[in-house]
1. Between residue 74 and residue 50, what is the label-to-label distance in nm when each label sits 7 Å out along the Cα-to-Cβ direction?
2. Using every alpha carbon pair in the range 1-51, what percent of pairs falls into each 5 Å bin from 0 up to the bin containing the largest distance?
3. Under a Cβ-only charge scheme (Lys and Arg +1, Asp and Glu -1), can you give me the dipole magnitude of the range 1-94 about the Cα centre, in debye to the nearest 20?
4. Once the other residues with Cβ under 13 Å from the Cβ of residue 18 are scored (Lys, Arg +1; Asp, Glu -1), what is the net sum?
5. Please report the accessible area of residue 81 (heavy atoms, 1.4 Å probe, ligands and nucleic acids excluded) in Å², nearest 10.
6. Per residue, what accessible area does the range 1-61 have, given a 1.4 Å probe and all protein chains present, in Å²?
7. Report the extension gain between residue 34 and residue 87 in nm, rounded to one decimal, defined as 0.36 nm multiplied by the number of residues separating them, less their alpha carbon distance.
Amino acid sequence: MSQAFTRLEKVLKLEAEQGFQNKAVVGGIRQFATFWVSQARQEAADEADLALVEQVAELLMDYARLPGIEARAAAVDRLLTSLQRRQARVGQSPAKEVPTPRPAVTTRPRPP
């Protein structure tokens, strides 16, 4: 998963652990969204990712105004589910192939 989407997942899980008090990040979720959106757009794998970024941004910008803990919990749950679907769709980026080191060539001195 890209750094932006991984960071979002971590923030949402922390927000849930803290009881949906909008204190998982300094400045609140809205402040986080402001910076997250630009990074997520750059890391988007495809058009579906770009659409997801816009949906996430809209929800995060209104997070503080959601009425009560239940509404915030439902919103966080929806976002985490969307991130899981994205992960299934995009998958992990393939690990860079590390070349297999060749054995060192040793030369023997030629007999005179």
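1. 3.1
2. For the range 1-51, the pair-distance distribution reads 4, 21, 27, 22, 15, 8, 2.
3. For this selection, approximately 200 debye.
4. Once all neighbours under 13 Å are counted, the net charge is +2.
5. Counting only protein heavy atoms, the figure is 50 Å².
6. Per-residue value: 56 Å².
7. Roughly 16.8 nm would be gained on extension.
The values are calculated or read from the model by the stated rules, or taken from the named source; none is laboratory data. Just so it is clear, the model here is predicted, and its values are computed rather than measured. Glycine gets a Cβ as well: all are built from the backbone with ideal geometry, and neighbour counts include every protein chain shown. The area values use the complete protein model at the heavy-atom level, side chains included, leaving out ligands, DNA and RNA. Shrake-Rupley method; radii C 1.70, N 1.55, O 1.52, S 1.80 Å.
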